[in-house]
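The next block holds one structure in the form of structure tokens; read it before the comments.
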2 protein chains.
Amino acid sequence: MPRRKSDTGLEPNRRAELLRAAAKLFVEKGFAATTTRDIAEAVGMRSGSPFYHFRSKQELLKAAMIEGLDAGHAQLVAAIESIADPEAKLRTLVRTHLGTLLEGDCRSPLLVSEARALDDKARTEIAAAFDRYQVPWQETLEALQQAGKLASAAPPVRLLLFGMLNWSSHWYRPDGTLSVDELADAAVAMLLHAPKNGKKP
Amino acid sequence: MPRRKSDTGLEPNRRAELLRAAAKLFVEKGFAATTTRDIAEAVGMRSGSPFYHFRSKQELLKAAMIEGLDAGHAQLVAAIESIADPEAKLRTLVRTHLGTLLEGDCRSPLLVSEARALDDKARTEIAAAFDRYQVPWQETLEALQQAGKLASAAPPVRLLLFGMLNWSSHWYRPDGTLSVDELADAAVAMLLHAPKNGKKP
DNA sequence: GAACAATAACCAAGCGCTTGCTTGCTTAAT
DNA sequence: ATTAAGCAAGCAAGCGCTTGGTTATTGTTC
């Protein structure tokens, strides 16, 4: 029973569907605690069918991470391409990143810690994807430093920033009083040490 | 074959030994990927013996988290009790926290994300232990705000700070060029927006 | 102070269940 | 006729945990 066009009019691309469901479950329950049956059930398949699209559970994780990170990277680049001011650029990067982190349903950057379940070769490929993801960040931070708005653009600064943002997925609740926009502002303010004497007007 | 005093002169407290080994393995491999046989083997027991000390694998995790957090809390309180200046206090909190995080071998604050494997009642108890852990932090942040060294001491500030620190366990390498002390300085500087015009000399 | 009972702290063995994955078959589209 | 995409069934390994015994230690009684 293949599902092509004009079946039920639903998603004809079951591979991508599997990837999204797997990523979501991996984030929610963790890689080891998610069974391949969970993933199959989430897309309405029988327990053995995902293995037609992916050779192993590990390969599913690897693909979810790399394709998710690359999609996020493309989103970042598209969001800042028409922005010149480094400060506005950073603000957009932060807001977009928090969007995929807290509002999306794949949230691939959070899977970084699950890479320990993979072998060395796969981890190397994931590290490369993560490096790509970090490029626009590092460029923006260096521009901010050159503009005198940032004391240092050394690697630890970028990593501490990622820490602030990524860890928020452990405590942020969308139904609380803090909006994602406010959270983005708070993070940017902490990094750029809040221009108290606002020079907007 | 009980092990009491004067057996081999080794650790007579096997319960604590189990807790430490379990915490270490849970941090390294994750809760679900760590088998009870792994834990038993790590302390030289047979596969069923840990269940004499703990009723279930979940209870082992719960005990490791709560007792680990409370030990860390005691360490924090002891470290800052003789310090008056809020800025020095914060610096000590950060350094001590990074110590248990990066140099210890239990690293209980990192297990927070594994609480999803437990039931509601256990999660409530763990949340209480985590609240206790955060008390000295919140107090110090408020003192800093009153001293005018911090723009805001609202909860998100504390949470973003924890993010910076805890996430460092994903990327920090002890054999790199960055020492834990330097990392602590960088984190504090980012929070207090780095007094560029140093007033040390 | 020797004999005995009680207990703490394990080990050896294994039970029932779940896991990732395979195999052979079926069916709709090409 | 071939292939893409799945299903039905199940296998071997590993999982958390239990059960029944074993042994060094500790208290108790005579």
Position A:Ser179, label points 7 Å along Cα→Cβ, spacing to each other copy in nm (shortest first, one decimal) = 4.6
ask   = Rg (Å, one decimal) plus Dmax (Å, integer) for the alpha carbons of segment B:143-196?
value = 12.7, 39
key: In segment A:8-57, trypsin sites (Lys or Arg not before Pro) in a DSSP loop with at most 11 other beta-carbon atoms within 10 Å   = A:Arg46, A:Arg55
key: Label point 7 Å beyond Cα along the C-beta direction, distances from A:Asp105 to other copies (nm, shortest first)   = 4.4
ask   = What FRET efficiency comes out for the pair A:Asp175/A:Asp119, r = Cβ-Cβ distance, R0 = 35 Å, nearest 0.05?
value = 0.30
query = Size of segment A:1-145 along its principal axes in angstrom, Cα-based, largest extent first?
reply = 56, 39, 22
ask   = Considering only the other residues whose Cβ falls under 9 Å of the Cβ of A:Val180, what net charge follows from Lys and Arg at +1 and Asp and Glu at -1?
value = -2
query = Which parts of segment B:57-73 would a label at B:Glu28 reach, counting a residue when its backbone N lies under 18 Å from a point 7 Å out along Cα-to-Cβ?
reply = B:61, B:64-65
request  = About the Cα centre of segment B:75-201, how large is the charge dipole given +1 on each Lys and Arg Cβ and -1 on each Asp and Glu Cβ? Please answer in debye to the nearest 20.
outcome  = 380
task = Compute the relative contact order of chain A as a whole-number percentage, counting only Cα pairs closer than 8 Å that sit 6 or more residues apart in sequence.
result = 21
Of B:Gln138, B:Pro86, B:Leu110, farthest towards positive along the dipole that unit charges on Lys, Arg, Asp, Glu beta carbons give segment B:84-201 = B:Pro86
ask   = Under the Karplus relation 6.51 cos²θ - 1.76 cosθ + 1.60, θ = phi - 60°, what is the ordered set of whole-Hz ³J(HN,Hα) values for segment A:21-33, x standing for Gly and Pro?
value = 4, 5, 4, 4, 5, 4, 5, 5, 10, x, 5, 5, 7
inquiry  = Could you give me D for the protein assembly as shown, from Stokes-Einstein at 37 °C and 0.692 mPa s, where the hydrodynamic radius is the Kirkwood radius over C-alpha pairs? Units µm² s⁻¹, please.
reply    = 141
Estimated dipole of segment B:65-134 in Debye, rounded to 20 [Cβ of Lys and Arg +1, of Asp and Glu -1, Cα centre] = 140
remark   = In debye to the nearest 20, the charge dipole size for segment A:3-125, taken about the Cα centre with +1 at each Lys and Arg Cβ and -1 at each Asp and Glu Cβ, equals 440
note = Inter-copy distances for B:Gly44, label 7 Å out on the Cα-Cβ vector, sorted ascending, nm, one decimal, are 5.8
task = Output the pairs from A:Lys24/A:Lys62; A:Lys24/A:Lys57; B:Lys24/B:Lys121; A:Lys57/B:Lys24; A:Lys57/A:Lys121; A:Lys29/B:Lys121 with a Cα-Cα distance over 21 Å in this structure; if there are none, say none.
result = B:Lys24/B:Lys121; A:Lys57/B:Lys24
key: Whole-Hz ³J(HN,Hα) from phi, Karplus 6.51 cos²θ - 1.76 cosθ + 1.60, for segment B:132-138, glycine and proline x   = 4, 4, 7, 3, x, 5, 4
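Bear in mind these aren't lab numbers, they're just calculated from the coordinates by the rules spelled out. Just so we're clear, the structure is a prediction, and the values are computed from it rather than from any experiment. All Cβ positions, glycine included, derive from the backbone under ideal geometry; neighbour counts span all protein chains shown.
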